[in-house]
Amino acid sequence: MKLYYAPGACSLASHIALREAGLDFQLEKVDLRKKVTASGDDYRQINPLGYIPALQLDNGDVLTEGPAIMQFIADQAPASGLLPAQGVARYHAIGWLNFIATELHKTCSPLFSPAITEEQRAPIIERLSARLDALEQRFSTGGYLMGSDFCVADLYLFVVTGWFGRLNISLKKWPHIERADHRGFLDLRVALQKPAQHRPQLCLGSCANAPIHPRNGPCRQCAGQRPPQCRLAQCLRWL
């Protein structure tokens, strides 16, 4: 399999899911402005819509849309527990994926525009705040979105709330969400503890020599925490 991705974008959730599932895959970076892959291919020939992520399967078929890709990944590795295999719990998890996609991800997307005015921004923040209020209530009881069970929706939420610093949205009003987001990336998930050669370009930051992202500044996961050596080569937030 090959995942087409862009650094810092929503494709990060699918990337982490692939590693959580322990599946074999390749990565190919996409220039979203030029619609060209790192190998020089026209990305629109892979995904005519031109956005990421896209997951090319071994048989040449291509899946698009992050929530669908994450469900597919979870189903390829049922032992990973990334998605309940059956029953009502499965549909609750899918519900959370759709909530994040439609009520958080797409709601905050216009905020990335450099041309947006404060007048245009205000109703978007109001709508987003109402959705975060609902999430805050969910996290007030502890655990993950599905209670004690981690799932792909938690990965997606981690990625989307990771954009908030760039968008000047503080989570201070929602302390339970903020604590969930800073949970050492969800208890330093086991899949991210593999030997370095098996986890290129994935990092939780945390080193004295961590590079500075050209737009976001120092990784907020790393700030003030300086273990002797970086866990990996690059901050997870930047993929």
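The values are calculated or read from the model by the stated rules, or taken from the named source; none is laboratory data. Note that the structure is a prediction, hence the values are computed from the model and not measured. For neighbour counting, all protein chains shown are included, and Cβ atoms are generated from backbone atoms with ideal geometry for every residue, glycine included.
Rundown of residues vs (1) out of contact with any helix residue (DSSP H, G or I) (no Cβ under 7 Å at 6 or more places or on another chain); (2) among the hydroxyl-bearing types (Ser, Thr, Tyr); (3) within 15 Å of VAL160 (Cα to Cα), yes/no style:
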position	(1), (2), (3)
MET1	yes, no, no
ALA6	yes, no, yes
LEU23	no, no, no
THR37	no, yes, no
ASP41	yes, no, no
(message) Of everything in segment 109-125, what is of a type in the set (Val, Ile, Thr) and under 25 Å from the mean Cα position of the chain (by Cα)? Give them in sequence order.
(response) ILE116, ILE124, ILE125
(message) Tally up the residues in segment 87-98 that are under 14 Å from MET70 (Cα atoms) and either touching a Pro at 6+ places or on another chain (Cβ under 7 Å) or surrounded by 15 or more Cβ atoms within 10 Å (Cβ to Cβ) (or both), please.
(response) 6
(message) Condition (residue is surrounded by 15 or more Cβ atoms within 10 Å (Cβ to Cβ) and within 20 Å of TYR156 (Cα to Cα)) applied to segment 40-50: is it met by at least one residue?
(response) no
(message) I'd like to know if segment 164-172 contains one or more residues that are modelled with pLDDT under 90, in contact with a Cys (Cβ under 7 Å, 6 or more places away or on another chain) and not polar (S, T, N, Q).
(response) no
(request) Spot the failing condition for GLY66; the list is (1) surrounded by fewer than 19 Cβ atoms within 10 Å (Cβ to Cβ); (2) at pLDDT 95 or above, and only one is missed. (result) (1)
(request) Out of the residues in segment 78-106 that are within 19 Å of the chain's Cα centre (by Cα) and assigned to a loop (DSSP other than H, G, I, E, B), state the one that is nearest to ALA17 (Cα to Cα). (result) LEU82
(request) Output the qualifying pairs, or none if there are none: Cβ atoms under 7 angstrom, residues six or more apart or on different chains, first residue in segment 141-160 and at negative phi and acidic (Asp, Glu), second residue crowded, with 20+ Cβ neighbours inside 10 Å and in a loop (DSSP other than H, G, I, E, B). (result) ASP154/LEU145
(message) Looking only at segment 172-183, count every residue that is outside any helix (DSSP H, G or I) and touching a residue at least 12 places away in the same chain (Cβ under 8 Å) and tell me the total.
(response) 3
(request) Of all residues in segment 113-138, count the ones that are more than 24 Å from HIS176 (Cα to Cα), of a type outside the set (Ser, Thr, Tyr), loosely packed, with under 12 Cβ neighbours inside 10 Å and modelled with pLDDT of 95 or more. (result) 3
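Filter segment 7-28 for residues that are part of a helix (DSSP H, G or I) and of a type in the set (Asp, Glu) and give the result. Please lay out each step first, then the result.
Going residue by residue through segment 7-28, those that are part of a helix (DSSP H, G or I) are 11-21.
Across segment 7-28, the qualifying residue is only GLU20.
Using the structure shown, decide if GLY50 is outside the structural domain of TYR156 (by TED's automatic domain parsing) and on the phi > 0 side of the Ramachandran plot.
Working: outside the structural domain of TYR156 (by TED's automatic domain parsing): yes; on the phi > 0 side of the Ramachandran plot: yes.
Answer is yes for this residue.
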